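Below: the structure, in structure tokens.
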Amino acid sequence: MRKKHVLAVLFVSWMVFVTFSSLYSFEGDDLPSMNIPHADKIVHFTFYFVAMILGSLFLLELKSDRKDVLKKIKFLAILLILFGIIIEVIQGTLTVARSGDVLDAVANSTGVALGFIAILSIFYRQRGLK
């Protein structure tokens, strides 16, 4: 399988995992719990940081024009931020055991932003993105 196909499958699988984890109620499951302050914000940040990295790696693998790839990566960042906000709204309005949180949306957006910065800094040096 080509690298771009693997990256596409990884990105889509990651987003399915993020969506499921964000909307499923884990209440009543016999999962171990940890009492780490703000651990959920770290999880939200990580979900969206990884999503931004995986999505960007896929877009970079398409080998389009450099300016076109940068536009696509910026568009991906906007879509992921909107997706994170929509998930929080859905948690607050359509789920029973979950609740939306503005700070979760901020953590999601921060993960996207730092993922965007990481991709640009790494690939600017390697591929000369401008």
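The values are calculated or read from the model by the stated rules, or taken from the named source; none is laboratory data. Keep in mind the model is a prediction, meaning the values are calculated, not measured. So basically every Cβ, Gly included, is an ideal-geometry build from the backbone, and we count neighbours across all protein chains shown. Only protein heavy atoms, including side chains, enter the accessible area calculation; ligands, DNA and RNA are left aside. Shrake-Rupley method; radii C 1.70, N 1.55, O 1.52, S 1.80 Å.
Within the stretch 51-74, work out how many residues are part of a helix (DSSP H, G or I) and either of a type in the set (K, R) or under 13 Å from the mean Cα position of the chain (by Cα) (or both).
Counting residues in the stretch 51-74 that are part of a helix (DSSP H, G or I) and either of a type in the set (K, R) or under 13 Å from the mean Cα position of the chain (by Cα) (or both) gives 13.
Test each condition in (1) surrounded by 11 or more Cβ atoms within 10 Å (Cβ to Cβ); (2) farther than 20 Å from D101 by Cβ; (3) modelled with pLDDT of 95 or more for H5 and report the one that comes out false.
Unmet for H5, out of (1) surrounded by 11 or more Cβ atoms within 10 Å (Cβ to Cβ); (2) farther than 20 Å from D101 by Cβ; (3) modelled with pLDDT of 95 or more: (3).
Only one residue in D30, D40 is surrounded by fewer than 16 Cβ atoms within 10 Å (Cβ to Cβ), modelled with pLDDT under 90 and assigned to a helix (DSSP H, G or I). Which one?
One residue alone meets the criteria, D40.
Which condition number does G92 fail, the rest of (1) of a type in the set (G, A, S); (2) touching a residue at least 24 places away in the same chain (Cβ under 8 Å); (3) touching a Gly at 6+ places or on another chain (Cβ under 6 Å) being met?
Condition not satisfied by G92: (2).
Could you please find all residues in the stretch 75-109 being β-branched (V, I, T) and either within 22 Å of V16 (Cβ to Cβ) or not in a helix (DSSP H, G or I) (or both)?
I78, I81, I85, I86, I87, V89, I90, T93, T95, V96
Quick check: is even one residue across the stretch 90-102 open to solvent by 70 Å² or more (accessible area, probe 1.4 Å) and of a type in the set (K, R)?
no
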